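The values are calculated or read from the model by the stated rules, or taken from the named source; none is laboratory data. Predicted, not measured: the structure shown is a model, and the values here were computed from it. Using ideal geometry, Cβ is built from the backbone for each residue, glycine included, and neighbour counts are taken over all protein chains shown.
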Amino acid sequence: MRTETPQPIRLSDYRPFPFEIETTHLAFQLEPSATRVTATLKVRRTGAAGEALALNGERLALKSIAIDGQALGANQYVLDEERLVIAEVPDAFELTTQVEIDPSANKALMGLYMSGGRFCTQCEAEGFRTITFFPDRPDVLSRYTVRIEADQAFEHLLSNGNLMEAGQLPDGRHYAVWNDPFPKPAYLFALVAGRLDVLEDDFVTMSGRTVALKVFVDPGQASRAAYALDALKRSMKWDEEAFGREYDLDLFMIVAVRDFNFGAMENKGLNIFNSSLLLAEPETATDFDYERIESVVAHEYFHNWTGNRITCRDWFQLCLKEGLTVFRDQSFSADMRGAAVQRIKDVKALRARQFAEDAGPLAHAVRPSSYLKIDNFYTATIYEKGAEIIRMLKTILGADAFRAGLDLYFERHDGEATTVEAFIACFAEASGRDLNSFFSWYEQAGTPSVSLTHAYDAAAKALSITLTQKTAPTSGQPVKKALPIPVTIGLLAQDGSPLRDSEVVLLEGESLTVRWEGVTETPVISALRGFSAPVTLTTDARPADAYVLFAADPDLFNRWEAGQGLARGLILARAAGTPDEVGEERYAQALGQALDDAAADPAFKALLLALPSEGDLALAVDPVDPAAIHEARDALRARIAVHLGEQLARIHGAMQGDGEFSPDAASAGRRALRNACVDLLSADPHADNVQRIVGHFEAAAALTDAMGGLSALLAVGGESCETALAAFHAKWRHEPLVLDKWFSVQARDPSPDALQRVLALTAHADFDAGNPNRFRALVQGFASANPARFHDPSGAGYRFLADQILAVDDFNPMTAARLVEPLGGWRRYVPALGDLMRRELERVKAAPGLSKNVLELAGRALE
Ligand code: ZN
């Protein structure tokens, strides 16, 4: 149990480690409940003489310790729950420790643990210290050799780098020795041992080297890894072409595991993936899964340069690798799947997760300056806002200077653990620009608001545009600076024809006015094209302008954005008790016209059909009344469904029949559109529509359609819904990844009895809180994706979440902590709800034996 208040770690306290670990030799004797780890470290002093050697180590049973072969006496070192300290050490020596650990008891899924009868590891951020005594910090780079010994039942013995040696041993055991020639921090160490099937291929790099590619999966599932393998090859090629980055080892391996706290991990040469982000076949994965697999495979692969070859000096620099790597994977996906559609999806995700985070008490800078548990900073802010910052840098500098800066970064810092300052310095140097004020994007939390006003002088044919920025205070940052904000602006004529091409206006101070001459008629302003900065924009445009943009903006992002803005206004007016029925009809009609645009891509039309989410709408009001938002949004959905009913049914029909399944973007776009139609039709559930939805579900060959049908049936409710749920369960009960979706679609069910359903599902035989995928499918699905039911006026939804946080915190703090966020925004809700939320947070925070992870977030949420 916790006794003292944990102390925060601060960026300003950074000190280099006073020793260097030239080589690290690890020997594993694997046994599920008693694994022996012998570590031999070649240590050399780099700091001041006389400094003690302090190593991290937690939950390790120390069996022996020696320096240069001489066993240490108990008075020569100090061991506590977190550290091993040897006060007096020579300037250069070899340290050997042997510890025993129990992987089978490790339910936190950090360090060495068992999943599906196999050994696997997760070391980022601080899991390595539960495997052996080591300076577990990213700025200590070492060359690793790893010897793994295990019973032959653990068929494959894998670690980072190249396989040096393998063979049989007496007593049915065997071994393998791996060497990784690239110095790496401990968080990139990985080990896997067990029975696996492997799918193999190879890739010839731009300099002509052949790299063996191996994807390891559960026995019998190799065919499901084909898409991931294909995505890997495309990623390798793309990184060569787009960034000049070549892979550096002769072997690249990926292993899929079922029990994993996050999505995937970029361990050097041996990526480990949550199986949900690796395995895909048409019947068992949705198009969204295919998209995610492609982008996560790319993301982890891209880390080889942005993260592994160049790593972080300390965990405050986490965005250095994550923001940059997300930027890289988003650019890859844009090239694979179409830039506009990809951008819209990325911005939707940014608003849903990052804007919400930035608007609440858990708001933090992209480079924070203190933390209790770094695990809590694997957030949308570090990842997604981190990527937006890189994107702005590219917009401000231009593609060529941006590439030159990145090339300089790779050249200058290869093999180092570095900082965001050093990264930005490369761009300043390569472009010759002063980027000091740009750096504030890393240090300042909160989403800036930008307002745009304009004046058109018809006689002078001159347009002046004034941009003003403001960022509201966030906790610990009462005063905000002005940030450099690139605002891409173009002009349209009233008839929708282009009047002036896009231009990047850089708003640097609090406010800026630009004057454009030669504007021949009253323009329609298309601002923040492509979402050129992560801000909220308000303008003085008339609603009629939004219709022009919605119909004709050549910037497809802004075309979509105009529709979202119109819908948002209509829903919020309804939620406030002042519905604009004429406006709603006009919107439905404009949507109908957009759907008839033969030139537009089905994937884009599917995005047009989706109204802003309830979470997105909640960001635009204060205080938030989730029930009012839900009802108003439903009402607009119903109106559209009635107004466009025949057209939606017609499009649904026309989008059928894709022949043999293909996961490519065009095919996925057709499926997205037909499912968007089904989704809207469920808002007007007359007999014909219900029949169409049931038919859609029953005829579904691909999981995308089955899930689209099931979700629509849940909205409709009744007999056909229960029948479909039962049939789906019976069909997929033995497929964990598909069964996860059966749980999550019910968690997201908007009908009034959803909470009852969710509570009942926690007692279902297939529910398993120990498996993060299953747990998140139900609990996270409900708390983050079902606002109307989560915010039940009784507070029962909040109580349910708090109970789940506490139950899981007992054994898996990382997963528990990530569920605090839905309660975190309590101040923004109507007081009756906010009070109930706060009380649940207080109950969580006061619970005995709480982890540091949950304590930190619950504490910050209540501050
Ligand atoms: Zn990453």
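Sort out which residues of region 10-29 are among the aliphatic types (A, V, I, L, M) and part of a loop (DSSP other than H, G, I, E, B), and write them in order of number. None; the set is empty. Number of residues in region 212-226 that are in a helix (DSSP H, G or I) and crowded, with 21+ Cβ neighbours inside 10 Å equals 2.
Residues that are closer than 17 Å to T132 by Cβ and touching a strand residue (DSSP E or B) at 6+ places or on another chain (Cβ under 8 Å): list the strands (runs of 3 or more DSSP E) wholly contained in region 149-192 that include at least 3 such residues. Explain how you work it out, then say what you get.
Working: elements: 156-159, 162-169, 173-184.
The strands (runs of 3 or more DSSP E) meeting that bar are 173-184.
From V99, V85, V140, which residue is closer than 30 Å to V854 by Cα, among the aliphatic types (A, V, I, L, M) and assigned to a loop (DSSP other than H, G, I, E, B)?
Of the residues listed, the single one that is closer than 30 Å to V854 by Cα, among the aliphatic types (A, V, I, L, M) and assigned to a loop (DSSP other than H, G, I, E, B) is V140.
Highlighted here are the strands (runs of 3 or more DSSP E) found entirely within region 506-573 that include at least 2 residues which are without any contact (Cβ under 8 Å) to a residue 40 or more places away in the chain: 524-527. None of P361, P368 is in contact with a helix residue (DSSP H, G or I) (Cβ under 9 Å, 6 or more places away or on another chain), outside the structural domain of D13 (by the TED database), closer than 30 Å to R15 by Cβ and away from the ligand (no atom under 16 Å from the Cβ) except P368.
Which residue is surrounded by the fewest Cβ atoms within 10 Å (Cβ to Cβ), if the candidates are limited to region 154-173 and must be of a type in the set (D, E, K, R) and closer than 23 Å to G117 by Cβ? Don't jump to the end; show me each part of the working.
Start the filter on region 154-173 by keeping residues that are of a type in the set (D, E, K, R), which leaves 155, 165, 171, 173.
From what's left, closer than 23 Å to G117 by Cβ: 155, 171, 173.
On the way: E155: 15, D171: 6, R173: 15.
Among those residues, the one meeting the criterion is D171.
Scanning region 574-588 for residues that are over 16 Å from F550 (Cβ atoms), over 36 Å from the mean Cα position of the chain (by Cα) and part of a helix (DSSP H, G or I) yields E581, V582.
Hey, among the residues in region 264-294 that are away from the ligand (no atom under 11 Å from the Cβ) and of a type in the set (S, T, N, Q), which one's surrounded by the fewest Cβ atoms within 10 Å (Cβ to Cβ)? First the steps, then the outcome.
From region 264-294, those away from the ligand (no atom under 11 Å from the Cβ) are 267-270, 272-294; that's our starting set.
Keeping just the survivors that are of a type in the set (S, T, N, Q) gives 267, 274-276, 284, 286.
Details: N267: 28, N274: 21, S275: 22, S276: 25, T284: 18, T286: 22.
Here the residue is T284.
Tally the residues that are surrounded by fewer than 21 Cβ atoms within 10 Å (Cβ to Cβ) and touching a Leu at 6+ places or on another chain (Cβ under 8 Å), restricting the search to region 775-799. Of the residues in that region, 5 qualify.
Annotation note: of H174, H156, the sole residue that is farther than 17 Å from V37 by Cα and of a type outside the set (S, T, N, Q) is H156.
Examine region 330-342 for a residue that is among the β-branched types (V, I, T) and in a helix (DSSP H, G or I), and state whether such a residue exists. Break it down into steps so the answer makes sense when it comes.
Kept after step one, since they are among the β-branched types (V, I, T), are these residues of region 330-342: 341.
Then drop every residue that is not in a helix (DSSP H, G or I), which leaves 341.
Yes, the conditions are met somewhere in region 330-342.
Among residues of region 305-316 that are modelled with pLDDT of 95 or more, those with a Cβ under 8 angstrom from a residue that is outside any helix (DSSP H, G or I) and within 12 Å of the ligand (Cβ to nearest atom), sequence gap 6+ or separate chain, pair up as G307/E266; N308/E266; W315/A125.
Being assigned to a helix (DSSP H, G or I) and more than 15 Å from L406 (Cβ to Cβ) is the filter; apply it to region 304-324 and report the residue that is farthest from the ligand (Cβ to nearest atom). Among those that are assigned to a helix (DSSP H, G or I) and more than 15 Å from L406 (Cβ to Cβ), it is F316. Which residue, of T419, T395, T466, T379, is modelled with pLDDT of 95 or more and either within 16 Å of the ligand (Cβ to nearest atom) or of a type in the set (D, E) (or both)? None of the others qualify; the one that does is T379. Scanning region 248-273 for residues that are farther than 16 Å from A193 by Cα and either assigned to a loop (DSSP other than H, G, I, E, B) or not aromatic (F, W, Y) (or both) yields a total of 11.
For beta carbons closer than 7 Å, sequence separation of 6+ or different chains, a first residue in region 281-303 that is part of a loop (DSSP other than H, G, I, E, B) and a second that is among the basic types (K, R), the qualifying pairs are E281/R224; H303/K321. What do you reckon, is A363 of a type in the set (A, V, I, L, M, F, W, C), surrounded by 20 or more Cβ atoms within 10 Å (Cβ to Cβ) and touching a residue at least 12 places away in the same chain (Cβ under 8 Å)? Yes: the conditions hold for A363.
A single entry from I424, I485, I489 fulfils the requirement of being among the aliphatic types (A, V, I, L, M), more than 30 Å from N304 (Cα to Cα), crowded, with 20+ Cβ neighbours inside 10 Å and touching a Leu at 6+ places or on another chain (Cβ under 7 Å): I485. Annotation: A242 fulfils all but one of (1) away from the ligand (no atom under 16 Å from the Cβ); (2) of a type in the set (A, V, I, L, M); (3) closer than 25 Å to V198 by Cβ; the unmet one is (3).
Just to verify a result, which residue in region 102-137, among those that are outside any strand (DSSP E or B) and of a type in the set (K, R), is surrounded by the fewest Cβ atoms within 10 Å (Cβ to Cβ)?
Step one: filter region 102-137 for residues outside any strand (DSSP E or B), giving 102-110, 116-117, 123-133, 135-137.
Those still in the list that are of a type in the set (K, R) too: 107, 129, 137.
Details: K107: 15, R129: 24, R137: 22.
The qualifying residue surrounded by the fewest Cβ atoms within 10 Å (Cβ to Cβ) is K107.
Of all residues in region 809-843, those being over 13 Å from P361 (Cβ atoms), free of Cβ contacts under 8 Å to residues at least 40 places away in the same chain and not in a loop (DSSP other than H, G, I, E, B) number 4.
Filter region 825-863 for residues that are under 18 Å from F811 (Cα atoms) and not hydrophobic (A, V, I, L, M, F, W, C) and give the result.
Within region 825-863, the subset under 18 Å from F811 (Cα atoms) is 844-858.
Within region 825-863, K845, P848, G849, S851, K852, N853, E856 meet the criteria.
Could you check, for region 325-340, whether at least one of its residues is acidic (D, E), within 16 Å of the ligand (Cβ to nearest atom), under 14 Å from the mean Cα position of the chain (by Cα) and surrounded by 20 or more Cβ atoms within 10 Å (Cβ to Cβ)? I'd like the intermediate steps shown before the answer.
Taking region 325-340 first, the residues acidic (D, E) are 329, 335.
If we keep only those that are within 16 Å of the ligand (Cβ to nearest atom) as well, we get 329.
Among the residues that remain, those that are also under 14 Å from the mean Cα position of the chain (by Cα) are: 329.
When the remaining residues are screened for being surrounded by 20 or more Cβ atoms within 10 Å (Cβ to Cβ), the result is 329.
Taking every residue of region 325-340 in turn, at least one turns out to be acidic (D, E), within 16 Å of the ligand (Cβ to nearest atom), under 14 Å from the mean Cα position of the chain (by Cα) and surrounded by 20 or more Cβ atoms within 10 Å (Cβ to Cβ).
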